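Trainee: One structure, pasted below without further comment.
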Amino acid sequence: MDAKQFLAEFGYIANAPDGVQHLRELILAFAIQGKLVERRAQEECAQQQLHDMAKTTSHVIGKPVRANKLIESDKPEINTTLPYGWASTSLGNLVRVLNGRAYKKQELLASGTPVLRVGNLFTSNHWYYSNLELEDDKYCDDGDLLYAWSASFGPFIWSGGKAIYHYHIWKLDFFSEAFLNKKYLYTFLLEKTNEIKASGHGIAMAHMTKAEMEKLEVPLPPLEEQSRIVAKVDELMALCDKLEAQQQRKRKLQNKLRQSVLQEVANAESPKELQDSWERLAGNFSYLFAEAEDVKCLREMIYQLAVMGKLTEQHSDASSLLENINSCRKELIKNKQYRLMPKLEKEKLDEFKRINIPAGWIWTRLLDIGEISPRNVIQKEKEMCLADFLPMSGISDSHNGMLFSELRPWLDIKKGYTHFANNDVVVAKITPCFENGKSAVIRNLKSIESIGAGTTELHVFRSIHDGVLPDYVYIFLRSPYFRDEGEKSMTGTAGQKRLPTDFFATYPFPLPPTEEQKQIVIRVNELMQFCDTLEEKLRSAQKTAERLATAAIASLIGISTLQQEEPMKVPKTELKAPVRLGTVQPSSNTQAPLASLLARYNGELGANDLWQRFGGEIDTFYAQLKTEVMHGWIAEPTGAQMLEKEAD
């Protein structure tokens, strides 16, 4: 398998989710299975090398070592699956597994010999030092093979100079490097680490013993083959780096383009500009949105357009609505049915306009059109009734997400918690819940009195007039116009920042006429359903890409091997990933060139055949395939199969 073959097979999966990382893992797996390079008949078998190694090991440890001890595996079944010429032996027969040293706090200093801890091997740049004089085997130096075995674990070839390695790090001291390539053993341990992580048993590494590590079975190729495997792994990993860099550049460009187009839509100043920019956006969805996460910025733009009045037509003004709300508020205050906030009442409306709104809309504040942080009052004899209790975990960050509350006696939750009732609007005020968009319109409370209480980390708005729709207030609270400024205004220490009540109550609120509010809510809900559909299709396309990437990698296994020192060709294989017509008929052939090709060939072709007939670059083909699958013009591909090629 040369570099050209590698690029030809894998260029088109560069954009598959985690495709390059998955590819790296499979390269390692193939390496220790003997599927990366060819076996050469003239090379000495690994069993003979183990015989020779026994003599060296005897000299190192100072006592005789039987060659059979190195060759005889604790797991004989492993030898039946090894490539010809390979042998299997335990790690403890190849290296001494040396424990690091634990340190007391007072032994860790600000200067001296660096003390290498597990964190320093992964992410931490914070170092401790020691002035202790230790045995030679407690130090590591450049080129030493180490293995971290804490919550973070894996092999490393150390290159940081002389250091003392800490507890939870093993140094693997080779009995002889004349018979074992260090980078091959590193490759094996790296693959074994990936296997443990993939199985979900990583936590077990923290309890791994030295004796268990020494029993680890190592598949051992002849020494020359080890070197070729290491060289091939290095070559393929370099190609993975290249693919990953291309993927990152493409992703960065895509993100910039998407933000530019969305900004153009948001900045449109006339209905004509808005229509044109929206059509450009809609016509390029397949190129601008590659992953489900990309849809988040589309949702934010929809909320922003909503509070700017760009989703609906304007036919009236909101001045009479505001007058009616003011009259209603005065009446409630007079009857002591409204909870005043005297300090905030004195603050004037911020006249700095951060967005433009239609001429018929009016700037106001939530404080002026509703009640902030209301308290529920019920008859004393009903206080033992059950009421809804809402924890922060019960509030969704998705649009109109479901609420998950539990019933508790009202007497137990009426004090020390935030009150709410049906049709109130709540928003999380603490980080990171506020930034994540946790908010809701309270509906369908299970309690008889339709009241509830919950986490204290909520701001609550209660409308005092039917002309102010809770769903429109909810859209306002989710808009970047409110949330971006809200994030800047949060106070407190890191991890405990909160949105101040005065910001929530007094931040300028764009009030449309009631009928426009209704239309905005309808339009936003329609567009959010579209976003849900788009996200689901992108997730489906991502899963398809993952399956295709895995199958394509498997197609590289077809290489030559030797059995019983007799040259024998392994049948070459090829990837067969059938692509079939979907159930949705495209409106025109120009929309769906791949579906048109399939229609000419009885509705089905192999993925590779379809690409060849398409005639474009593989990236273009892959993007078009995702688009047509997303629209239902092409069925979601089923699992690919490896089939034997016909003889030439």
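The values are calculated or read from the model by the stated rules, or taken from the named source; none is laboratory data. A quick note: this is a predicted structure, and the numbers were derived from the prediction, not measured. No Cβ is skipped: glycine too gets one built from the backbone with ideal geometry, and neighbour counts run over all protein chains shown. Ligands, DNA and RNA are excluded from the accessible area calculation, which covers all protein heavy atoms including side chains. Shrake-Rupley method; radii C 1.70, N 1.55, O 1.52, S 1.80 Å.
Conditions tested, residue by residue: (1) farther than 30 Å from Asp137 by Cα; (2) modelled with pLDDT of 90 or more; (3) assigned to a helix (DSSP H, G or I).
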{"position": "Ile27", "(1), (2), (3)": "yes, no, yes"}
{"position": "Leu36", "(1), (2), (3)": "yes, no, no"}
{"position": "Arg39", "(1), (2), (3)": "yes, no, no"}
{"position": "Val60", "(1), (2), (3)": "no, no, yes"}
{"position": "Ile78", "(1), (2), (3)": "yes, no, yes"}
{"position": "Ser88", "(1), (2), (3)": "no, yes, no"}
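Trainee: Name every residue in region 300-316 that is aliphatic (A, V, I, L, M) and more than 17 Å from Ala359 (Cα to Cα), in order of residue number.
Mentor: Result: Met301, Ile302.
Trainee: Just to verify a result, which residue in region 122-140, among those that are open to solvent by 70 Å² or more (accessible area, probe 1.4 Å) and of a type in the set (Asp, Glu), is farthest from Leu98 (Cα to Cα)?
Mentor: Glu133
Trainee: Also, quick follow-up: From Ser159, Ser111, grab the single residue that is in contact with an Asp or Glu (Cβ under 6 Å, 6 or more places away or on another chain) and loosely packed, with under 12 Cβ neighbours inside 10 Å.
Mentor: Unique residue meeting the criteria: Ser159.
Trainee: Here is a further query. Considering only residues that are charged (D, E, K, R) and more than 22 Å from the chain's Cα centre (by Cα), look in region 222-270 and name the one that is farthest from Glu43 (Cα to Cα).
Mentor: Per the criteria, the residue is Glu269.
Trainee: Return the pair list, or none, for Cβ contacts closer than 9 Å from residues in region 339-360 that are on the phi > 0 side of the Ramachandran plot and surrounded by 10 or more Cβ atoms within 10 Å (Cβ to Cβ) to residues that are in a helix (DSSP H, G or I) and not β-branched (Val, Ile, Thr), at least 6 apart or on different chains.
Mentor: none
Trainee: What residue, among those in region 157-182 that are part of a loop (DSSP other than H, G, I, E, B) and among the hydrophobic types (A, V, I, L, M, F, W, C), is nearest to Glu212 (Cα to Cα)?
Mentor: Among them, the one singled out is Phe175.
Trainee: What are the residues in region 285-299 that are farther than 29 Å from Gln314 by Cα and without any contact (Cβ under 8 Å) to a residue 24 or more places away in the chain, if any?
Mentor: Listed by number, the list holds a single entry, Glu293.
Trainee: When residues of region 117-156 are filtered for being in a loop (DSSP other than H, G, I, E, B), more than 21 Å from Glu107 (Cβ to Cβ) and touching a residue at least 40 places away in the same chain (Cβ under 8 Å), how many remain?
Mentor: Qualifying residue count for the region: 1.
Trainee: Looking at (1) among the aliphatic types (A, V, I, L, M); (2) at pLDDT below 90; (3) under 28 Å from Gln48 (Cα atoms), find the lone condition where Ile196 falls short.
Mentor: Here Ile196 clears every test but (3).
Trainee: What is the one condition in (1) in contact with a helix residue (DSSP H, G or I) (Cβ under 9 Å, 6 or more places away or on another chain); (2) closer than 20 Å to Lys232 by Cβ; (3) at pLDDT 80 or above that Tyr84 does not satisfy?
Mentor: (1)
Trainee: Being modelled with pLDDT under 65 and either under 28 Å from Gln247 (Cα atoms) or surrounded by 19 or more Cβ atoms within 10 Å (Cβ to Cβ) (or both) narrows it down to one residue among Glu644, Glu636, Glu617; which is it?
Mentor: Only one candidate qualifies: Glu617.
Trainee: Next question. Among the residues of region 339-375, which ones are at pLDDT below 90, part of a loop (DSSP other than H, G, I, E, B) and charged (D, E, K, R)?
Mentor: Arg339, Lys346, Glu347, Lys348, Asp350, Glu351, Lys353, Arg354
Trainee: Within region 330-355, which residues are over 15 Å from Ser373 (Cα atoms) and basic (Lys, Arg)?
Mentor: Lys330, Lys334, Lys336, Lys346, Lys348, Lys353, Arg354
Trainee: So, one more: If a residue must be part of a loop (DSSP other than H, G, I, E, B), touching a Pro at 6+ places or on another chain (Cβ under 6 Å) and open to solvent by less than 50 Å² (accessible area, probe 1.4 Å), how many such residues does region 299-319 contain?
Mentor: Adding up the residues that qualify gives 2.
Trainee: Quick test of your reading of the structure: Phe188 fulfils all but one of (1) under 17 Å from Ser90 (Cβ atoms); (2) more than 33 Å from the chain's Cα centre (by Cα); (3) at pLDDT 90 or above. Name the failing condition by number.
Mentor: With (1) under 17 Å from Ser90 (Cβ atoms); (2) more than 33 Å from the chain's Cα centre (by Cα); (3) at pLDDT 90 or above applied to Phe188, the lone miss is (2).
The rows are residues; the columns are (1) touching a strand residue (DSSP E or B) at 6+ places or on another chain (Cβ under 6 Å); (2) assigned to a loop (DSSP other than H, G, I, E, B).
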site	(1), (2)
Gly467	no, yes
Leu477	yes, no
Tyr481	no, no
Ala494	no, yes
Phe503	no, no
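Trainee: Let me ask something else. Against the condition in a helix (DSSP H, G or I), at pLDDT 85 or above and aromatic (Phe, Trp, Tyr), how does Tyr287 come out, does it pass?
Mentor: no
Trainee: Restrict the check to region 183-196 and report whether at least one residue is open to solvent by 50 Å² or more (accessible area, probe 1.4 Å) and in a loop (DSSP other than H, G, I, E, B).
Mentor: no
Trainee: Restricting the search to region 320-338, which residues are closer than 18 Å to Val377 by Cα and either in a helix (DSSP H, G or I) or in contact (Cβ under 8 Å) with a residue 12 or more places away in the chain (or both)?
Mentor: If the condition is that a residue be closer than 18 Å to Val377 by Cα and either in a helix (DSSP H, G or I) or in contact (Cβ under 8 Å) with a residue 12 or more places away in the chain (or both), then Leu332, Ile333, Lys334, Tyr338 are the ones that fit.
Trainee: State all residues of region 479-509 that are surrounded by fewer than 21 Cβ atoms within 10 Å (Cβ to Cβ), among the β-branched types (Val, Ile, Thr) and more than 24 Å from Phe389 (Cβ to Cβ); if no residue qualifies, say none.
Mentor: Thr491, Thr493
For (1) surrounded by fewer than 19 Cβ atoms within 10 Å (Cβ to Cβ); (2) without any contact (Cβ under 8 Å) to a residue 40 or more places away in the chain, each residue gets a yes or a no:
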| site | (1), (2) |
| --- | --- |
| Asn422 | yes, yes |
| Val425 | no, no |
| Ile430 | no, no |
| Gly437 | no, no |
| Lys446 | yes, no |
| Leu458 | no, no |
| Phe461 | no, no |
| Pro470 | no, no |
| Leu477 | no, no |
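Trainee: Would you pick out the residues in region 94-116 that are closer than 13 Å to Ala163 by Cβ and either part of a helix (DSSP H, G or I) or charged (D, E, K, R) (or both)?
Mentor: Matches in region 94-116: Arg101 only.
Trainee: Output the qualifying pairs, or none if there are none: Cβ atoms under 9 angstrom, residues six or more apart or on different chains, first residue in region 45-63 and farther than 12 Å from Leu94 by Cα, second residue modelled with pLDDT of 70 or more and among the β-branched types (Val, Ile, Thr).
Mentor: From region 45-63, the pairs are Ala46/Thr89.
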